[in-house]
Amino acid sequence: MGYTVTEKILLAHSDADHVEPGQVVMVRCDVVLANDVTGPLAFRQMEKMGASEVFDPAKIVMVADHFAPAKDERSAILIKRLKEWSLAHGVVFYDQGRGGIEHTLLVQEGLVLPGSVIVGGDSHTCTHGAMGAFSSGLGSTDIAYCLAFGEFWQVVPGTIQVTVSGEKGRFVTGKDVILAVIAQIGAGGGTGNVLEFVGAGAQALSIDERLAVSNLAVEAGSDTGIFPADEKTAAYLDGRTDKSWEPVHSDPDASYSRKLAIDLDRTGPLVAKPYNPENVVSVSEVAGTPIHQVVVGNCSNGTMTDLRQAAEMVKGKRVHERTRMIVVPATQKIYREAIAEGLIDILVEAGASVSTPTCGPCFGGHTGALAPGENSLATINRNFKGRSGSPDACVYLGNAFVAAAAAVAGEIIDPAEVVP
Amino acid sequence: MIATGKAVVVPGTNVDTDILYPGIYLNIDDPELMKPYLFEGLDPSLRDQLVGDTVLVVSENFGMGSSREHVPLAMKASGVRCVVGSSFARIFYRNCINLALPAISCPQAAEAAKAGSEISVDAAAGTVTVDGREFSAAPVPPFMLEMLERGGLIPWAQHKLARS
Ligand code: SF4
């Protein structure tokens, strides 16, 4: 029996001589990531373990993004601790103004290679599966162990094969692909499994769009969402890394726990209603819902592709008087590129507030929280109760076209009605 | 490993870690200081039931969402000795095991338990007793059992360091 891409990667990173779903193996990591929330907690746990050295400083990355720029003294202390610890251990530290949101940042910097293993103290570490890596979120105690020993325990997951066919419509993006998957299997439907994306429709997605797809794999309960590396992956890595890598693909006789099909010819722009990402409907089903805040940004949809889509929708128009629009380029590099391309000017002219890269408005931490009774349409990944501020607010998830269209209309609307 | 306590029932399926511990309190890194925010987005009054040793009774896909270890850390600091439910989200489950907080899948026991029920869980034997009625739980894989018996990933790491 052959192996899936995930099984091959785990096998190559463990001492096991074969792997199968359900087996527990110790897996070696190529990159260990943490942020200002999970890093300091991991350092505490590492101290309790009695470990004073890290396994390999060159394989560790720390990013200040959740409470950066520090919203208060307590947040400032966490970021200071992250920085001092990184300096003391010779580990790369991305401070505000130098990096951005961790997942978009690591991919952009060429730190994620196909076939590698990335773990992060953040559930959306699954984003890196877009590059053909096995990447997964862990808690801080797990991360402490990874920092000290460079390995973690892992239950070998099964694989759900998602075949994407057809062609995307004008306002359909990667976000809709993953929302369609979550709609099919539910918020817990991927537990104990990875999602593997194959087919012409998957290969046609750009790296930016693949990031959005993999990013929400955890919203289906999956360990990760993986795109086996192809020419697009190779082209993206060209000039970003000097390291060599080999694409990893599933064997033709690999076994899958389930197979799904997404037909893009039959998929329109989608929206996930509160308070669960599995509450997926078409835009028309919720059209007319008043929207008080729009957020374009975060680790799933803060790329150049998303900023271009948002700018296209608002160009020459005004953000509706009922609505605030917040745009968060995911990294400093994207921010600069968007300035150079004139996108930021278009957005600001329309009345959007453009923020420095930060997680703030995504997790309700700061800079963009919702009041009771307010509705938000955001390109983020979670619409849980209280996710972005008041538990009596509502968050709808959608792609950047849908979000920016809502900003102009002040309500959920089919993007085709805003830009015919 | 045997855990006992009074049942505290957390209602609902797909209970996510954001409502169990909202993001705004993530800049706290001392478990004692996390306690006042556990269940904050769901039902803060649940905290009043956390007196003495308790066992949380939950439903399906409990703990979905974020990797925030604040949730099981605050639970442990508040006297929660075990979580019994139908099913658990992956990262929440891992965090529990790493902190030696047994998360046991036993839908029948979760169904039978009421607030205040006396619960006893024997992870190795795979049984959950609710007010004297015994139910068999899904077996805990040997690796996770060993992690629980050793007291979690911290003692596990200490042991590894001592050997090297
Ligand atoms: S942008 Fe949102 S989802 Fe992404 S890492 Fe930050 S808080 Fe998490």
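The values are calculated or read from the model by the stated rules, or taken from the named source; none is laboratory data. These figures come from a predicted structure and were not determined experimentally. Note that we place each Cβ from the backbone using ideal geometry, even for glycine, and neighbour counts take in every protein chain shown. These accessible areas exclude ligands, DNA and RNA; they are computed on the full protein's heavy atoms, side chains included. Shrake-Rupley method; radii C 1.70, N 1.55, O 1.52, S 1.80 Å.
Structure summary
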{"read-out": "All strands (runs of 3 or more DSSP E) inside the stretch A:312-420 with 1 or more residues being aromatic (Phe, Trp, Tyr)", "value": "A:394-397"}
{"read-out": "Residues of the stretch A:291-344 satisfying the condition of being of a type in the set (Asp, Glu) and away from the ligand (no atom under 16 Å from the Cβ)", "value": "A:Glu312, A:Glu321, A:Glu337, A:Glu341"}
{"read-out": "Residue satisfying all of: in the stretch A:212-223; more than 11 Å from the ligand (Cβ to nearest atom) and part of a helix (DSSP H, G or I); farthest from A:Val177 (Cα to Cα) among these", "value": "A:Ala220"}
{"read-out": "Odd one out for A:Leu377, checked against (1) within 28 Å of A:Asp72 (Cα to Cα); (2) away from every other protein chain (no Cβ under 14 Å); (3) open to solvent by 10 Å² or more (accessible area, probe 1.4 Å)", "value": "(3)"}
{"read-out": "Residue count, the stretch A:89-137 (criterion: among the polar types (S, T, N, Q) and in a helix (DSSP H, G or I))", "value": "5"}
{"read-out": "Count of the stretch B:25-67 residues which are part of a strand (DSSP E or B) and more than 7 Å from every other protein chain (Cβ to nearest Cβ)", "value": "5"}
{"read-out": "B:Leu161 vs. criteria open to solvent by 10 Å² or more (accessible area, probe 1.4 Å) and more than 10 Å from every other protein chain (Cβ to nearest Cβ)", "value": "no"}
{"read-out": "Residue tally, condition under 22 Å from the mean Cα position of the chain (by Cα) and within 13 Å of chain B (Cβ to nearest Cβ), over the stretch A:9-39", "value": "7"}
{"read-out": "Considering residues of the stretch A:118-155 that are facing chain B (nearest Cβ under 9 Å), among the hydroxyl-bearing types (Ser, Thr, Tyr) and within 16 Å of the ligand (Cβ to nearest atom) only, the residue nearest to A:His103 (Cα to Cα)", "value": "A:Thr125"}
{"read-out": "Residue in the stretch B:8-24 that is at negative phi, small (Gly, Ala, Ser) and more than 14 Å from chain A (Cβ to nearest Cβ) present", "value": "no"}
{"read-out": "Residue in the stretch A:43-51 that is more than 10 Å from every other protein chain (Cβ to nearest Cβ), surrounded by 18 or more Cβ atoms within 10 Å (Cβ to Cβ) and of a type in the set (A, V, I, L, M, F, W, C) present", "value": "no"}
{"read-out": "Candidates B:Val128, B:Val80, B:Val55 - the one that is in contact with a Phe, Trp or Tyr (Cβ under 6 Å, 6 or more places away or on another chain) and touching a residue at least 40 places away in the same chain (Cβ under 8 Å)", "value": "B:Val128"}
{"read-out": "Search result, residues across the stretch A:323-344 that are crowded, with 18+ Cβ neighbours inside 10 Å, among the hydrophobic types (A, V, I, L, M, F, W, C) and farther than 16 Å from A:Gln293 by Cα", "value": "A:Ala330, A:Ile334, A:Ala338, A:Leu343, A:Ile344"}
{"read-out": "Residues located in the stretch A:262-276, provided they are farther than 18 Å from A:Phe401 by Cα and either in a loop (DSSP other than H, G, I, E, B) or within 13 Å of chain B (Cβ to nearest Cβ) (or both)", "value": "A:Pro274, A:Tyr275, A:Asn276"}
{"read-out": "When residues of the stretch A:345-374 are limited to those that are away from the ligand (no atom under 16 Å from the Cβ) and buried (at least 22 other Cβ atoms within 10 Å of the Cβ), the one farthest from the other protein chains (Cβ to nearest Cβ)", "value": "A:Leu347"}
{"read-out": "Where a residue in the stretch A:40-63 is among the β-branched types (Val, Ile, Thr) and its partner, wherever it lies, is in a loop (DSSP other than H, G, I, E, B), with Cβ under 7 Å and at least six apart", "value": "A:Val54/A:Val91; A:Ile60/A:Val54; A:Ile60/A:Val91; A:Val61/A:Leu111; A:Val63/A:Gly99"}
{"read-out": "Residue in the stretch B:131-143 that is farthest from the other protein chains (Cβ to nearest Cβ), counting only those that are of a type in the set (A, V, I, L, M, F, W, C) and within 18 Å of B:Val55 (Cβ to Cβ)", "value": "B:Phe135"}
{"read-out": "Counted residues, the stretch B:114-125 - those being open to solvent by 10 Å² or more (accessible area, probe 1.4 Å) and either farther than 21 Å from B:Gly63 by Cα or small (Gly, Ala, Ser) (or both)", "value": "7"}
{"read-out": "Meets criteria (within 15 Å of the ligand (Cβ to nearest atom), open to solvent by less than 10 Å² (accessible area, probe 1.4 Å), closer than 19 Å to A:Leu347 by Cα and away from every other protein chain (no Cβ under 14 Å)) for A:Ala405", "value": "no"}
{"read-out": "Selection count, the stretch A:257-285, where residues are surrounded by fewer than 19 Cβ atoms within 10 Å (Cβ to Cβ), in contact (Cβ under 8 Å) with a residue 40 or more places away in the chain and aliphatic (A, V, I, L, M)", "value": "2"}
{"read-out": "Filtered residue count, the stretch B:109-139, keeping only those that are modelled with pLDDT of 95 or more, touching a Gly at 6+ places or on another chain (Cβ under 9 Å) and in a loop (DSSP other than H, G, I, E, B)", "value": "1"}
{"read-out": "Residues located in the stretch A:64-107, provided they are open to solvent by 30 Å² or more (accessible area, probe 1.4 Å), out of contact with any His (no Cβ under 8 Å at 6 or more places or on another chain), within 16 Å of the ligand (Cβ to nearest atom) and touching a residue at least 40 places away in the same chain (Cβ under 8 Å)", "value": "A:Pro69, A:Gln96"}
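Rundown of residues vs (1) of a type outside the set (Asp, Glu); (2) crowded, with 24+ Cβ neighbours inside 10 Å; (3) touching a Lys or Arg at 6+ places or on another chain (Cβ under 8 Å), yes/no style:
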position	(1), (2), (3)
A:Ile118	yes, yes, no
A:Cys126	yes, yes, no
A:Thr141	yes, yes, no
A:Ala148	yes, no, no
A:Phe152	yes, no, no
A:Gly201	yes, no, yes
